[in-house]
Amino acid sequence: MAKRQLGTDSDLKIDGFKLKRGRRQRNRIRTLELADGSHVEIPVMVVRGARPGPVFYLGASIHGDEINGVEIVSRFVNEIDIKKLSGTILAVPVQNPMAYQVQHRYFIGHLIKSPLDQSPADPWASFPGDANGNIAERIAATLDSLMVRADYMIDIHTPTTGGKYAPFAFLPPTRCGRIVEKSEAMAMAFGADFILATNEGVYVQDKAPHTVTANRKKVGLGLELGEGGKIEPDMIERGVRGLYNVFRHVGMLPGETETFGRRMVITDMPVVRATRGGLHHRHVELNQDLRKGDLIASIVDVFGRVVEEIRSPRAGPVVRIATFPIVGEGERVVQLGKERKTRKKR
């Protein structure tokens, strides 16, 4: 069990909240002003435990089609026993309200209007944000104003619509040093099937929230659970169960952690793409262990002919699958993990 940090929430202040111990509160933080004079407001849930302790930030749906995390965060925060909680939870079930309204990864209006002028378009890749920047940077800055107060953070995702992950955790880049080991221990406690520990790729960008958190010497990670654009009761149950485990692990809830999930640390997960377009007939499932040469998918053209058989380029577990039935040349079909054989010595 991780060492508990007591008393770190004693001087916590958030505008619009009366932070009384043993109380659960809901409010909205105003952020952007839109062209008609209305404002975008970010929903925030704050739970103060009966005893002092760390501050834990939970966020979901920073991309608008990441639906499972909304229910995971809201359910966990609503049902947790305040009398048993040490410390404070800062939870934002919808971190990007405009994208959530249209159930799209980005807020579409931001891209339609002078798209080259709107870069960056993704708040997730814009941390710690800029209060004087564009829309994405201002959203990131508002979220970071809460995140910076936390000792721990978890940011919950799904793949974008058309993809599905096995329960998967991604750590800050290994270049962040020893703090990453604590993030890995938290991912193990969550019970993720796969835990990505790497120094390269989209999941370890310098401006991603878990990377910024690690550079502050705080413990954070991201999660991917299930399929974009869907509510999946099994994934929601798995996510809530994992959060209970994490809060026991860091000492904010009493009790021992359960052991579940595959908990395989992987060092990469390259994309396997279609080289022909057509109907996508997948022959593998999530978590399936493949050998080199195993048949992954068949691509059938509109005349009913099999135009491609996609085979595994190497051995490894299936971490992500495409769920769209139609693919074009170059589109992602699966991603395969590579297990880390030994822990690096420091």
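The values are calculated or read from the model by the stated rules, or taken from the named source; none is laboratory data. Keep in mind that this is a model prediction, so the values were computed, not measured. Ideal geometry is used to build each Cβ from the backbone, glycine not excepted, and the neighbour counts take in all protein chains shown.
Of note:
- Exactly one residue among Ala189, Ala214 is under 22 Å from Asn287 (Cβ atoms) and either aromatic (Phe, Trp, Tyr) or out of contact with any Phe, Trp or Tyr (no Cβ under 8 Å at 6 or more places or on another chain) (or both), and that residue is Ala189.
- Selection status of Val319, assigned to a strand (DSSP E or B), out of contact with any Phe, Trp or Tyr (no Cβ under 9 Å at 6 or more places or on another chain), under 22 Å from Leu225 (Cβ atoms) and assigned by TED's automatic domain parsing to the domain that holds Gly278: no
- Residues in segment 259-288 that are under 23 Å from Gly239 (Cα atoms) and assigned to a loop (DSSP other than H, G, I, E, B): Thr259, Phe260, Gly261, Arg262, Arg263, Met269, Glu285, Leu286, Asn287, Gln288.
- Filter pass, Thr323 being in contact with a Lys or Arg (Cβ under 6 Å, 6 or more places away or on another chain) and closer than 28 Å to Pro172 by Cβ: no
- Pick from segment 278-321, criterion of a type in the set (Gly, Ala, Ser) and touching a His at 6+ places or on another chain (Cβ under 9 Å), ranking: surrounded by the most Cβ atoms within 10 Å (Cβ to Cβ): Ala297
- Test: residue in segment 260-277 that is in contact with a Phe, Trp or Tyr (Cβ under 6 Å, 6 or more places away or on another chain) and either closer than 18 Å to Ser74 by Cα or exposed (fewer than 15 other Cβ atoms within 10 Å of the Cβ) (or both): no
- From Glu79, Glu71, residue being assigned by TED's automatic domain parsing to the domain that holds Thr259, acidic (Asp, Glu) and surrounded by 13 or more Cβ atoms within 10 Å (Cβ to Cβ): Glu71
- Whether a residue is within 24 Å of the chain's Cα centre (by Cα), surrounded by fewer than 23 Cβ atoms within 10 Å (Cβ to Cβ) and aromatic (Phe, Trp, Tyr) was assessed, and Tyr57 does not pass this test.
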